[in-house]
1. Taking 0.36 nm per residue of sequence separation and subtracting the Cα-Cα distance, how much length would be gained by fully extending the chain between residue 146 and residue 49, in nm to one decimal?
2. If you compute Kirkwood radius over Cα pairs in Å for the structure shown, which of (1) 21.8; (2) 22.3; (3) 23.9 do you land on?
3. Quick one: check the C-alpha center-to-center distance for the range 110-146 versus the range 166-229, whole angstrom.
4. Can you classify the range 1-115 as rounded, prolate or oblate using the Cα gyration tensor, where a ≥ b ≥ c are the square roots of its eigenvalues, rounded means a/c under 1.5, and otherwise it's prolate if a/b beats b/c and oblate if not?
5. I'd like the orientation of helix 131-140 relative to the chain: the angle between its Cα long axis and the longest Cα principal axis, in ° from 0 to 90, rounded to 10.
6. What is the dipole size for the chain, taken about its Cα centre, with +1 at each Lys and Arg Cβ and -1 at each Asp and Glu Cβ, in debye to the nearest 20?
7. What is the angle, in °, between the Cα long axis of helix 59-91 and the longest principal axis of the Cα atoms in the chain? Nearest 10 is fine, range 0 to 90.
8. Quick one: grab the alpha carbon gyration tensor of the range 1-45, order the square roots of its eigenvalues as a ≥ b ≥ c, and give me rounded if a/c is under 1.5, else prolate or oblate depending on whether a/b is larger than b/c.
Amino acid sequence: MRNNKFVIAVLIPVFALIFTFQILPIFLGFGISFLDYNPLRSQNNFIGIANFQRLLTDPVFHLALKNTLYFVIVTVAVNLVLTLTIAQIISSMRYNKVRSIFRVIFFMPCVAPLAASSFIWARMYDKRFGLINILLERYFDITPQAFLTQVSTMMPAIIIFTLWADIGYNIIIFCAGIDGIPSDFYEAALIDGAGPIASFFKITLPLLGRTTCFVITMTLISQFQMFAQFEVMLPNHGGPNNIGMVLTLDIYKTAFIYKDMGYASAISIILFLIIMVFTIISQRLNRVDWGY
């Protein structure tokens, strides 16, 4: 009985915090999406589903949705391939100290604040004085490019930065998953004459099912919510003519610049539903019912 009281006493503050800062804001945002809500006005009228109907004809929202899906799909796919490949290479190294050094090197960008890293990379992408353009012009004779203001280079440039800043976490997860696979499987494969590539596709990849499912789900959720690099690296909150607009940036701009929080809440509800659908799909496709 005393133990139950202690557990309840410990859990009540935790559940209170979760309800106050996670669950309650979702319901409040959903409610605000049905209002013509401006925090500077004393009266905010109920307008029903007008904000959601407005989404159907808003070209900025359509562009933000297209850019978000492109950014997320490409980033998650490349992230998965890169992190799995790098983790396999690190785990195949013979010495623990060498493996630890490489894990630290790849994880270091994850520790740095994303806004600060975005600012530094924005300077590196600068057309006149950026390090990347200087190297491209000096060693490859490529004309300096305005990476963050051109339609063809803006999103790839941000994707490259995001991969640099984000792959370290997944590398650590995959390394842990690979190290947890019993060596008996690889010894049996070696006896049967399987090489490193065959062992990877026949043993490592299938046995990383649960780890891969976790990585895909968490990376999808994370990339859909990316905001700092788009706000810091792109001029005028989305670049010229909103070419770099994504849903998180559209929510911020609509809510805090235009003060149209009702419409911003409607966009956030759509983003919430998109994340939920993609998460459910990824878990269904990567369902694993076995163990070793």
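1. Using 0.36 nm per residue and subtracting the Cα-Cα distance, I get 30.8 nm.
2. (2)
3. 31
4. oblate
5. Tilt of helix 131-140: around 50 degrees.
6. In debye, rounded to 20, the chain gives about 460.
7. Roughly 20 degrees, rounded to the nearest 10.
8. In terms of gyration-tensor shape, prolate.
Laboratory data are not the source of any read-out in this text; all were calculated from the coordinates shown. Being a predicted model, the structure only gives us computed values, none of them experimental. Glycine also receives a Cβ, built like all others from the backbone with ideal geometry; neighbour counts cover every protein chain displayed.
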